[in-house]
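Let me begin by presenting the structure, written as structure tokens, before commenting on it.
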């Protein structure tokens, strides 16, 4: 018998939650009516997963509790952010309860059985990004840097880097610090914004991030507001396209960068980002758990989209590569969208109609985040709570329910791989030693790897080291690698070392891959717009067959000069892209 609406429902809040943990599913209003939690083994047996795949347990309580984000480090360790503050935060006089744990799999069986506390007494921690042997951490109102300087496994260094992120709501907070292809760390806003400053610089200029996301250079400290806005989720594809999500919008593409818009402030653009997947009332989900919404209009729709991730690993079948995966913890599921190019942006359709990529009837299963792993698998962060919805968004009669904290002693992390894959943790595979111990030329070679984690980690370490021995191998990679992804990484790695020159851009402008040509234009726009030696090669791409290449050229022309060749190029772009709304927008921006 299905409980009455007042007892069991999923709360939709269209304008809330930074932490997409927000809106989450309400289970029965009294603890006695709540379903019992399942053991990890029992929960695993409940999963419905796409054909040809299997799901394995990576870690569970007590090794991990209340996980909301994970990152793998360059030594094979698994960093886990635990938000035990959720939902109320510490009571007056109590210490914060968020912490960061380091998990290791010492016997190589695939289970991360060893758990150590790296940092605790943190307030509403939401994400981590490894950097120079420590961690960049997003938490209440700030971006901080934590590091163990004496080798005892505990963070004894804590530096506050940026402050001013909104703190009014316990959920709507900055999150997902992510190192990008361009050697910058991006942070999702969390919806509530703020006025951010560098806490290390007394004369720092404030950056208003209302309606924006945030970006900074971890080397120089330079920072800026960037086009957004992400709620709880931020991800990149293989070529640096940035995607975010909000509770009703599972997949948003950031198409236009605010730096480009700022070059022509007199031309108004309707939007700088747009939905790729169906959103709001048009979205459609197929949960296999029992869940109700406060409004029948929102049943079986996204109400808590979070943790969006573009899968870029190599341990699922090829059909899954480049797909977007978004969690909806209210529906106890992970949704899959198959992405394809559409003009200057993308479009998508569900991976399978009528059934989700991953779903469970276990109403405690709360997928809140996803990640690619060193082994090429897709990892699922399961907060495993009876109630995931924040009391602020409950009706008054439910705010005192006794089961709000049930599950705050639980948590799971899962791994999804192809059914034929071996059941082992392969984080050290294809290397005799951890990536952290590789020489710089060996790191360059990893930029040609089939798994994104290997490439991204190698790219980050190259940027960290600033080692000139990378330059010649990077040049060879740019000229000789058969992989467009590797050639793009080479371009950005050279830029990060301050070694990208006009010859490199010229080579890339002639590349046989449109994705490499597109990146060459973006780098031209950012670093070489005044280089006249490249002008002819750049303008020649106005007739390129690829819409994104033509669009990147139009962006590079903002604001357009009065030279006839540029006007002609822009006109050609306008004609070829007349049916693409984004091309029309960038042409108007360039011509304005």
*asked:* Suppose we keep just the alpha-carbon trace of the chain; what are its Rg and Dmax in angstrom?
replied: 23.5, 76
_Applying a 10 Å radius around every beta-carbon, put 521-528, 197-204, 553-560 in order of their mean neighbour count, most first._
553-560, 521-528, 197-204
*Would you calculate the separation in nanometres between label points at residue 420 and residue 299, each defined as 7 Å from the Cα along the Cα-to-beta-carbon direction?*
4.2
*Quick one: order 573, 49, 310 by neighbouring beta-carbon count within 10 Å, fewest to most.*
49, 310, 573
*Between the helical axis of 484-496 and the dominant principal axis of the chain, each derived from Cα atoms, what acute angle in degrees is found, rounded to the nearest 10?*
80
*For residue 121 and residue 533 in the same chain, what is the full-extension length gain: residue separation times 0.36 nm, less their Cα-Cα distance, in nm?*
142.8 nm
*Please find the FRET efficiency linking residue 480 to residue 39, where r is the Cβ-Cβ separation and R0 is fixed at 60 Å, and quote it to the nearest 0.05.*
0.70
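I need 99, 410 ordered by Cβ neighbour count within 10 Å, fewest first. It would help to have the intermediate numbers written out before the result.
Details: 99 20, 410 24.
By the 10 Å Cβ count, ascending, the order reads 99, 410.
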*Could you compute the FRET efficiency for residue 282 and residue 588, with r as their C-beta to C-beta distance and R0 at 35 Å, rounded to 0.05?*
0.80
_Residues 433, 147 arranged by fewest to most Cβ contacts within 10 Å_ = 433, 147
*asked:* What do you get for the angle between helix 564-576 and the principal long axis of the chain? Use alpha-carbon atoms, 0 to 90 degrees, nearest ten.
replied: 40
*What angle do you read, to the nearest 10 degrees and between 0 and 90, between the alpha-carbon axis of helix 514-527 and the longest principal axis of the chain?*
80
*What nm distance separates the two modelled labels at residue 499 and residue 156, each placed 7 Å from Cα along Cα→Cβ?*
3.6
*Kirkwood-based Rg to Rh ratio, segment 435-591, C-alpha trace*: 1.03
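Hey, what number do you get for the chain at 222 nm if only DSSP H runs of n ≥ 4 count, each worth -39500 (n - 2.57), divided across all residues, to the nearest 500?
The per-residue figure over the chain is -5500 deg cm²/dmol.
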*Rounded, prolate or oblate: which fits segment 233-314, taking a ≥ b ≥ c as square roots of the Cα gyration tensor eigenvalues, rounded meaning a/c under 1.5, else prolate when a/b beats b/c?*
oblate
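Throughout, read-outs are computed from the coordinates displayed, never taken from laboratory work. Bear in mind that the values here come from a model prediction, so they are computed numbers and not experimental data. When we count neighbours, we look across all protein chains shown, and the Cβ atoms used for this are built from the backbone with ideal geometry, even at glycine.
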